[in-house]
Amino acid sequence: MNNTTKTIHRLLAGAALGLALLAPAQAVRIKEVAAVQGVRSNQLTGYGLVVGLDGTGDQTTQMPFTTQSVANYLQQLGITLPDNRASQLQLKNVAAVIVTAQLPAFAQPGQAVDVTVASMGNARSLKGGMLVATPLRGADGEIYAIAQGNVVVGGAGAAAAGSKVQINHLSAGRVPEGAQVERAVPTPLLDGDTINLGLNAADFQTASRVAEAINRRMGSGMARAMDGRTVQVRAPGDSDARVSFIAQLEELTLEQAAPAAKVVINARTGSIVLNQAVTLNPCAIAHGNLSVTISSQPVVSQPAPLSGGQTVVAEQAAIQIKQEPGILYQVPASPQLADVVRALNALGATPQDLLAILQAIKASGALNAELEVI
């Protein structure tokens, strides 16, 4: 192989490497960035009773609604208690609970869904209990499901002689497939001659790329971006053809748009998350700590013998103030996420300190990202 051929091969290899570096981000399907509007789940909620507890239920003297609920339930079964007797019931094996569930889209009568049960009184544990038939209502007040079954609690606890041990949370649990759907929720999927795709996150660039991908595959003018969240698509009127059409739409791929630069801060836990678009401009940061320590110890003042005085216990306090020197750190320009992480790690600050540092960097204009505190 002569030198000319070797040079051509080097140029081709360099060009291939350049194309690889300039290759677009991994393609994603439309179903991963958008969903058909109107196809969603619905929240259901209800009030019920959990029975069969081992003495860990509500203290009915403090929770009168539990006693009233049991009396009403017994009355539905044909058992009527005098008012004076109903108020004296001691129902340590019963707990009043709130039951919630998610009704999936297109759920039909007879389908089973999971439910979550949570105590609303002072029950110590729902472990081993059974939820009696509880109607679950939607936002319109109509009953869409009936829940009943054994409550599964992912924890354990024991108490004796003033000592107590508990693992996980005992006042909430689940009933797997514990609700049976009684009524279907109509969906507007087959209404009109268009369907709307709602993006998971509002972004004009993503909406434009979704419309372009649909028009490129289905034909020009089939889709148009209405705004940064909605893409309107012309769809066939026949129900069978529309379902197949939506299935094809969801499988179309498009180049994933670069996300907006964002830093998410959880002030409660000290968690900080940065995405790949975050960059830093050159800046200087000074960070120091001021600590105040107050300590006290008892001092006994003993009177002289036969003086008739009393022994007095006093407190002697000592206060110390310690201030660590603040060192000025120079943070260089960081065009990539790895550079940003390296620059922040060089500060040696704790996550709680980084919360204040990042907010100060953002206020100075050196942080090129949106700062979101949750």
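Side notes on the structure shown:
- As a summary of the residue check, P176 satisfies the conditions (1) within 28 Å of the chain's Cα centre (by Cα); (2) not assigned by TED's automatic domain parsing to the domain that holds T56 except for the one numbered (2).
- Qualifying residues in segment 85-143 (those that are within 27 Å of Q37 (Cα to Cα) and of a type in the set (S, T, Y)) - the one surrounded by the most Cβ atoms within 10 Å (Cβ to Cβ): T116
- Residues that are at pLDDT below 90 and in contact with a helix residue (DSSP H, G or I) (Cβ under 9 Å, 6 or more places away or on another chain) were ranked within segment 180-199; the one that is surrounded by the fewest Cβ atoms within 10 Å (Cβ to Cβ) is L190.
- Looking across segment 69-94, the residues that are modelled with pLDDT of 80 or more, more than 30 Å from A184 (Cα to Cα) and of a type in the set (G, A, S) come down to A71, G78.
- Exactly one residue out of V113, V97 is β-branched (V, I, T) and more than 12 Å from V181 (Cα to Cα), and it is V97.
- All strands (runs of 3 or more DSSP E) inside segment 50-139 with 1 or more residues being in contact with a Pro (Cβ under 8 Å, 6 or more places away or on another chain): 112-119
- Condition met for A277 (outside the structural domain of L367 (by TED's automatic domain parsing) and either in contact with a strand residue (DSSP E or B) (Cβ under 9 Å, 6 or more places away or on another chain) or closer than 22 Å to V28 by Cβ (or both)): no
- Residue-level check: of (1) out of contact with any strand residue (DSSP E or B) (no Cβ under 7 Å at 6 or more places or on another chain); (2) surrounded by 15 or more Cβ atoms within 10 Å (Cβ to Cβ), A338 misses just (2).
The values are calculated or read from the model by the stated rules, or taken from the named source; none is laboratory data. Because the structure is a prediction, the values reported are computed rather than measured. Glycine also receives a Cβ, built like all others from the backbone with ideal geometry; neighbour counts cover every protein chain displayed.
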